[in-house]
Amino acid sequence: RTVVFPTLGLFSGFIKDPDYQAAFCRAYNTWVASDICDAAGRVLAVGLLPTVHEDIAEEELRRSKELGLVGAMLPADGTHLLGHGRFDRVYAAAAELDFPVTVHASGSPNAPGAEVFPKFIQAHSVAHPYGIIRHFTSMLFEGVFDKFPTVKFAFLETGATWVPWWLDRLDEEFEKRGAVDAPLVKATPSSYVHHGGNIFFGCESNERMLPQVLDLIGEDTVMYASDYPHWDCEYPESLHAVTTREDLSESQRAALLNGTAARFYGLDG
């Protein structure tokens, strides 16, 4: 089985016209459900949510569930911050429907933080991780994970090696400023991630410290993604790399290739 994500939809956060953005998301969700997902349940998909109008985002999340899609996607790139309270109604609907929510980076050279670079290689290197780190930080310190503890969130397309490093930074910041700047957060940031929680990450097959990351945050929190058919994907080589890596245990490989995604999307193992 595979779960399909949008391609052009990754850039939908840049659409400023709220009516056009909503129509774009509606059209994509209708198309992917009717023309791409198969009746056998081997090709699944997530619904694309608009970011300009949170009421329409809630509507599309609910419609995605009705269409038989297995999750919702919010684009990382754009001027929005996903920890903002206006998105609470989206997360509340996800909690009500037991519907997982993903945040997916695009690597756009126009993404916040990447627009200053003169070359695509520089912007693309920075855009993926910063887009995800920006929203993860916003959502954590604005109390999203406290307000909606049952919602499963996944942060995708920037690997997993950054997670322990960033959690260490957030833990230190929370110790110094949490009571003042993050009053909704009830525990250290790292505690929301470690071992069996509701926060998930994608990985790259060639991350040298992947085994250590799995040991630190739990093998049931990280899942493989092919990135097919994008220009920079390494499928099927990346799939072969995961299956043959000698530094991964059998249980870690099983989790990366099946178990974690099944837990996140609520599928049978």
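The values are calculated or read from the model by the stated rules, or taken from the named source; none is laboratory data. Being a predicted model, the structure only gives us computed values, none of them experimental. Cβ placement follows ideal geometry from the backbone for every residue including glycine, while neighbour counts extend to all protein chains displayed. For accessibility, only protein heavy atoms count, side chains too; no ligands or nucleic acids. Shrake-Rupley method; radii C 1.70, N 1.55, O 1.52, S 1.80 Å.
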Exercise for the section: Filter the DSSP H helices in the chain by two things, a Kyte-Doolittle mean of at least -1.0 and an axial alpha-carbon span of 27 angstrom or more, and list the hits by number. Expected result: 120-141
Handout entry: Theoretical gain in end-to-end length, Glu234 to Phe120 [0.36 nm per residue, Cα-Cα removed]
Key = 39.1 nm
Problem - Given charges at beta-carbon only (K, R positive; D, E negative), |dipole| of the stretch 1-140 in Debye - result: 380
Fill in the blank from the handout: Here, GluC sites (Glu not before Pro) of the stretch 181-249 satisfying both criteria (DSSP loop; at most 14 other Cβ within 10 Å) are Glu246
Fill in the blank from the handout: Computed over the Cα atoms of the chain, the Rg and Dmax in Å are 17.7, 52
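If I take R0 = 25 Å and measure r between the Cβ atoms of Thr243 and Asp168 in this structure, what FRET efficiency does the formula 1/(1 + (r/R0)^6) give, to the nearest 0.05?
0.25
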Exercise for the section: Express the carbon and sulfur contribution to the solvent-accessible surface of the stretch 153-269 as a percent, rounded to the nearest whole number, probe 1.4 angstrom. Expected result: 53
Completion exercise
Total charge of the residues flanking Leu82 in space, meaning their Cβ is under 12 Å from its Cβ, with Lys and Arg +1 and Asp and Glu -1, is -2
Handout entry: Accessible-area ranking of Thr7, Thr150, largest first, probe 1.4 Å
Key = Thr150, Thr7
Fill in the blank from the handout: Once Met209 and Asp181 are pulled to full extension, the length gained, defined as 0.36 nm per residue separation minus their Cα-Cα distance, is 6.9 nm
Practice task
Using just the alpha carbons, could you tell me how many Å³ per residue the convex hull of the stretch 28-77 encloses?
Solution key: 71
Completion exercise
Of the residues Ala123, Phe174, Asn110, the Cα lying farthest along the dipole of the stretch 31-187 towards its positive end, which is defined by charges on the beta carbon of Lys, Arg, Asp and Glu, belongs to Ala123
Practice task
For Asn258 and Arg42, compute 0.36 nm times the residue count separating them, minus their Cα-Cα distance, and round to one decimal in nm.
Solution key: 76.5 nm
Handout entry: Accessible area in square angstrom per residue, the chain, 1.4 angstrom probe
Key = 47
Practice task
Find which of Gly41, Ile56, Leu69 sits farthest along the positive direction of the dipole of the stretch 1-98, computed with +1 on the beta-carbon of Lys and Arg, -1 on that of Asp and Glu, about the Cα centre.
Solution key: Gly41
Practice task
Just need log10 I(q)/I(0) for the stretch 60-127 at q = 0.19, 0.21, 0.23, 0.26 Å⁻¹, Debye formula, equal scatterers on the alpha-carbon atoms, no solvent, rounded to two decimals.
Solution key: -0.77, -0.84, -0.92, -1.05
Exercise for the section: Calculate the translational D of the stretch 17-115 in whole µm² s⁻¹ from Stokes-Einstein, where the hydrodynamic radius comes from the Kirkwood formula applied to all Cα pairs, the temperature is 10 °C and the viscosity 1.306 mPa s. Expected result: 114
Handout entry: Electrostatic dipole magnitude of the chain [Cβ: Lys, Arg +1; Asp, Glu -1; Cα centre; debye, to 20]
Key = 260
Fill in the blank from the handout: In whole Å, largest first, the alpha carbons of the stretch 145-269 cover along the principal axes 48, 30, 30
Handout entry: Restricting the stretch 1-77 to trypsin sites (Lys or Arg not before Pro) in coil, as DSSP defines it, with at most 15 other Cβ within 10 Å
Key = Arg1, Lys16, Arg42
